[in-house]
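The values are calculated or read from the model by the stated rules, or taken from the named source; none is laboratory data. All values derive from a computational prediction rather than experimental measurement. Quick reminder, even Gly has a Cβ in these numbers, built from the backbone with ideal geometry, and neighbours come from all protein chains shown. Just the protein is used for accessible areas: all its heavy atoms, side chains included, with ligands, DNA and RNA removed. Shrake-Rupley method; radii C 1.70, N 1.55, O 1.52, S 1.80 Å.
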Amino acid sequence: RKKVRIHHFKEMKQRGEKIAMLTAYDFPTARAFDAGGADILLVGDSLGDNMLGMESTVPLELDEMIPFARAVVRGAEHAFVVADLPFGAYEVSPEQAVESSIRMVKLSGAHAIKFEGGRRIARQVKAVTDAGIPFCGHLGFTPQSETALGGRRIQGRGEHGIEELVADALALQEAGAFAVVLEMVIAPAAKAVTEALDIPTIGIGAGPDTDGQVLVWLDMAGVGDWHPRFSKQFGAVGQAMTDAAAAYVGEVKDVAFPAAEHTFES
Ligand code: KIV
Ligand code: NA
């Protein structure tokens, strides 16, 4: 398998090969998903709520993300690694966005940066891509602005919903983005954006017409107990971990483990 590189994404869109993206936050998970053929590993700011137990993604800091992103880069042999910037690391100005992106890329080795928003952050995106850093957009439901959006609501609805999304996506493409994530948008809006862009769209809760799909890996693998409608459990990893732990605990209590073959007699 060849190393996934930036120019492959547009080629994949052109030949109709779907892009498979998964989040990853550490070395063994990155290795497993790389071996499973994931094209892109996303060190999402979903790290905050999914891995660190935060209430949302909002409290997560840039410097808290860096060791996780570094670990994923170490575990990714073929996959392209995208790292999120967390809330507060890019909104202030193009300069702030470039400084945060450079810090993430320098300290983690991530291949590209993603952050949320459309026309409102297009100047930031232009500055980041002008600095030579590949950028992936994120439109639709944007968890960092959940409060402003009025909660976890499906996006693209309403009279101008599709037009607004297409305008935001075109602004990101114009600013140099190589792809755009579409989160929780109605399928017709995702389809319209996908058709309007030369760069690929990667959907999560956006229907089947995007150029790729992304899921938070814990939801994908069946860890935890949040089962959003748009996700699907492709494994029962949480149960497998509990079963393994219970078997271990049982054997320790019964003094069945360690056995002779696990023991150094001399
Ligand atoms: O942080 C994240 O995991 C994401 C994906 C859901 C796209 O941004
Ligand atoms: Na994110």
Return the residues of region 192-209 that are buried (at least 20 other Cβ atoms within 10 Å of the Cβ) and out of contact with any Lys or Arg (no Cβ under 8 Å at 6 or more places or on another chain); say none if nothing qualifies.
Ala192, Val193, Thr194, Leu197, Thr201, Ile202, Gly203, Ile204, Ala206
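Tell me which residues, restricted to region 180-199, are at negative phi and under 15 Å from the mean Cα position of the chain (by Cα). Steps first, answer last, please.
Within region 180-199, the first condition is being at negative phi, and the residues that meet it are 180-183, 185-199.
Listed by number, the residues that qualify are Val180, Val181, Leu182, Glu183.
Please determine, by comparing only the residues of region 94-134 that are closer than 23 Å to Val214 by Cβ and touching a Lys or Arg at 6+ places or on another chain (Cβ under 7 Å), which one is surrounded by the most Cβ atoms within 10 Å (Cβ to Cβ). Break it down into steps so the answer makes sense when it comes.
First, the residues of region 94-134 that are closer than 23 Å to Val214 by Cβ: 97, 100-101, 104-105, 108-122, 124-125, 128-129, 133-134.
Adding the requirement that they be touching a Lys or Arg at 6+ places or on another chain (Cβ under 7 Å) leaves 108-109.
Values: Ser108: 21, Gly109: 16.
So the residue we want is Ser108.
What do you reckon, is Val98 modelled with pLDDT of 95 or more, out of contact with any Gly (no Cβ under 6 Å at 6 or more places or on another chain) and among the β-branched types (Val, Ile, Thr)?
On the way: modelled with pLDDT of 95 or more: yes; out of contact with any Gly (no Cβ under 6 Å at 6 or more places or on another chain): yes; among the β-branched types (Val, Ile, Thr): yes.
Yes: the conditions hold for Val98.
Conditions (1) within 23 Å of Gln233 (Cβ to Cβ); (2) touching a residue at least 12 places away in the same chain (Cβ under 8 Å); (3) not aliphatic (A, V, I, L, M), marked per residue:
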| position | (1), (2), (3) |
| --- | --- |
| Ala127 | no, yes, no |
| Cys136 | no, yes, yes |
| Thr142 | no, yes, yes |
| Val185 | yes, yes, no |
| Leu197 | no, yes, no |
| Gly203 | yes, yes, yes |
| Thr210 | yes, yes, yes |
| Gln213 | yes, yes, yes |
| Val216 | yes, yes, no |
Count of region 5-56 residues which are open to solvent by less than 20 Å² (accessible area, probe 1.4 Å) and among the aliphatic types (A, V, I, L, M)
11
